[in-house]
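Below is one structure, written out as C-alpha cells; the observations come after it.
The values are calculated or read from the model by the stated rules, or taken from the named source; none is laboratory data. Here the structure is a predicted model, which is why all the values come from computation and not from measurement. Cβ placement follows ideal geometry from the backbone for every residue including glycine, while neighbour counts extend to all protein chains displayed.
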Amino acid sequence: MTDELDPILVRAVAELRRPLEFRADYDERLMAVVRAAPRPGSFAALWAALRRPRAVEVSPLGALALAAGLAAVVLGTAIVSSRPGLPGSGAAAARGGWGGGEARDRSDARPVQFVLVMPSARSVVVVGDFNDWDAGAQPLQRASRDGVWSVTVPLAPGRYRYTFVVDGQRWIADPGAPPVPEDDFGRPNSVITVGENGS
C-alpha cells in the first residue's frame, strides 16, 4: 500500500515546490484594489463594516431579555411623558394648571385653603403638583390648640394632586378630599379641582 502512495506523494511535493507564476499586471491589479478600499478609521470604512452582513445568534433567553428591555424603555417613556406635574408633559401641558410654580405666576390664581386636623403633629406641609412636591414650599400654620393646621395657596384653575407631609416623614392624604390612586412611590394622594370662579 505504501508503494502505491509514494508516487502520489512525490507528485504532490513536486507541485508544492514549483515556483508560482504571476501575471505581469498582478502588482497593478493588487494596488488598484488597495487604493479603492476605504482607509481604516474613515467614515467609508465604518459604513462598509456596518453594511457587511453578519450572522447573529441569540438564545431564547437573550431574546426574551432584549424584548423585556425594549418594553421597559417604551413603558418608562410613556409613564414619564404622561406624569402630571412635569412641565410640558401630558395633561399638565394641556391644562396649563399643573407644574411647579405656574399657578403662583398666573393672574387668574384663586386662594385655596388647605386644612388638616392633626393634634399630635409638630409640623405639617402641603406638597403637590402646584409646588413640584417641594416639602418646604407651603408649610401649614397651627390655627388652634385643637391641632387644626391650615395654609392658603394661590392656585390657577385646574386639577391638582396633593398630600400632607406630617413631621417631615408621614405622607397623609387629605381626609376631606376625594382620594386618588397612590403615586409611583406608594404615597397617598388627594385631588382638588379649582374652578374658574374660585370653586
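Would a scan of region 184-191 turn up a residue that is touching a Pro at 6+ places or on another chain (Cβ under 6 Å), part of a strand (DSSP E or B) and in contact (Cβ under 8 Å) with a residue 60 or more places away in the chain? The answer is no, given that none of the residues of region 184-191 is touching a Pro at 6+ places or on another chain (Cβ under 6 Å), part of a strand (DSSP E or B) and in contact (Cβ under 8 Å) with a residue 60 or more places away in the chain.
Which residue is surrounded by the most Cβ atoms within 10 Å (Cβ to Cβ), if the candidates are limited to region 172-183 and must be among the charged types (D, E, K, R) and without any contact (Cβ under 8 Å) to a residue 24 or more places away in the chain? Once the filter is applied, the top-ranked residue is D183. In the set (1) touching a strand residue (DSSP E or B) at 6+ places or on another chain (Cβ under 9 Å); (2) in a loop (DSSP other than H, G, I, E, B), T163 fails one condition alone, (2). A single member of A44, A49, A24 is in contact with a Pro (Cβ under 7 Å, 6 or more places away or on another chain) and farther than 30 Å from D184 by Cα, and it is A44. Could you check how many residues of region 133-157 are at pLDDT 90 or above and either assigned to a strand (DSSP E or B) or closer than 21 Å to S107 by Cβ (or both)? Summing the residues that are at pLDDT 90 or above and either assigned to a strand (DSSP E or B) or closer than 21 Å to S107 by Cβ (or both) in region 133-157 gives 14.
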